[in-house]
1. Does segment 47-62 contain at least one residue that is closer than 20 Å to Leu158 by Cα and among the hydrophobic types (A, V, I, L, M, F, W, C)?
2. If Asp123 meets every condition in (1) assigned to a helix (DSSP H, G or I); (2) touching a Gly at 6+ places or on another chain (Cβ under 6 Å) apart from one, which number is that one?
3. Which residues, taken from segment 148-186, are among the hydrophobic types (A, V, I, L, M, F, W, C) and modelled with pLDDT under 90?
4. What number of residues within segment 14-27 satisfy the criterion of being closer than 20 Å to Val177 by Cβ and open to solvent by less than 70 Å² (accessible area, probe 1.4 Å)?
5. If you check Thr33 against the conditions, is it polar (S, T, N, Q), under 30 Å from Leu183 (Cα atoms), open to solvent by 80 Å² or more (accessible area, probe 1.4 Å) and in contact (Cβ under 8 Å) with a residue 24 or more places away in the chain?
6. Considering only segment 1-17, state which residues are part of a helix (DSSP H, G or I) and free of Cβ contacts under 8 Å to residues at least 12 places away in the same chain.
7. Across segment 76-118, what is the number of residues that are part of a loop (DSSP other than H, G, I, E, B) and among the charged types (D, E, K, R)?
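The values are calculated or read from the model by the stated rules, or taken from the named source; none is laboratory data. Keep in mind that what you see is a predicted model, and the values were worked out from it rather than measured. Cβ placement follows ideal geometry from the backbone for every residue including glycine, while neighbour counts extend to all protein chains displayed. Protein only, heavy atoms only, side chains kept; ligands, DNA and RNA dropped before computing areas. Shrake-Rupley method; radii C 1.70, N 1.55, O 1.52, S 1.80 Å.
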Amino acid sequence: MRKAFEIGGVVAAAVLIAFGIAAIVMGFNGRSTVTNSLKQEKIVGTPDMTPAAIKAEAKDAGLPSNLSLPSMSVAGKNIDTGAKAHAFAGYMRIHALEAAQGLTYAEMGRYQALPNAPKQFTDGAGGTNDTKYAVTDSTTKQPVDNGRRNVWVTETALTTALNASYMADRISLFGVVVGIALLLSGIGFGVLTIGGALRRRPQPTSALGHVPAPAS
């Protein structure tokens, strides 16, 4: 039985080491894929994509003071990592809020409001959900869509892709960490097994049950 346990320990150590190496390789490959994909898009941060500049812009646009602002500067930098992509997405959201006068997509009216539309039937930024107070297209005779909502449609699509890159980058990094942990666990388990730390060799005893004294 002891021999079977020793073999099982060696096999378990080998499996842990193999899984650890595989997880590390897959993690680095995942991060490399994220980086290469972002590089292909040739995204570069605009000059105002610094914490100080965006804070001033948000204040000038009348956005709420408790608005969460990006803390990483990507001005003039190539967006080629998950962290930079996440920061760039944050700046894009502020830009979209500035263009929409602080309103999110769900808060904006679906249609373009008439100039004389009652304020209570508008979103306060030129949009309305009431067709009676919407601008009508002279050709189709249908209410005109609120063009400002398209800003949010574009912003949401792009930031979702950027944040997906950030999430993939974090998951890949987690895989590397898990791989290192498995690798170290496998090596340690193997050392204990092969070194004999998990087994106890019985000491020989005399016929009377006493351990013989060592020879002088």
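1. Within segment 47-62 (the criterion being closer than 20 Å to Leu158 by Cα and among the hydrophobic types (A, V, I, L, M, F, W, C)), the answer is yes, since at least one residue qualifies.
2. Looking at each condition in turn, Asp123 falls short on (1).
3. Passing the criteria: Val151, Trp152, Val153.
4. Qualifying residue count for the region: 9.
5. yes
6. Answer for segment 1-17, where residues must be part of a helix (DSSP H, G or I) and free of Cβ contacts under 8 Å to residues at least 12 places away in the same chain: Lys3, Ala4, Ile7, Gly8, Val11.
7. Of the residues in segment 76-118, 3 are part of a loop (DSSP other than H, G, I, E, B) and among the charged types (D, E, K, R).
Every residue, every condition in (1) open to solvent by 20 Å² or more (accessible area, probe 1.4 Å); (2) farther than 29 Å from Lys42 by Cα; (3) among the β-branched types (Val, Ile, Thr); (4) within 28 Å of the chain's Cα centre (by Cα), yes or no:
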| site | (1), (2), (3), (4) |
| --- | --- |
| His86 | yes, no, no, yes |
| Ala96 | no, no, no, yes |
| Ala99 | yes, no, no, yes |
| Tyr105 | yes, no, no, yes |
| Tyr111 | yes, yes, no, no |
| Asn116 | yes, yes, no, no |
| Thr128 | no, yes, yes, no |
| Thr131 | yes, yes, yes, no |
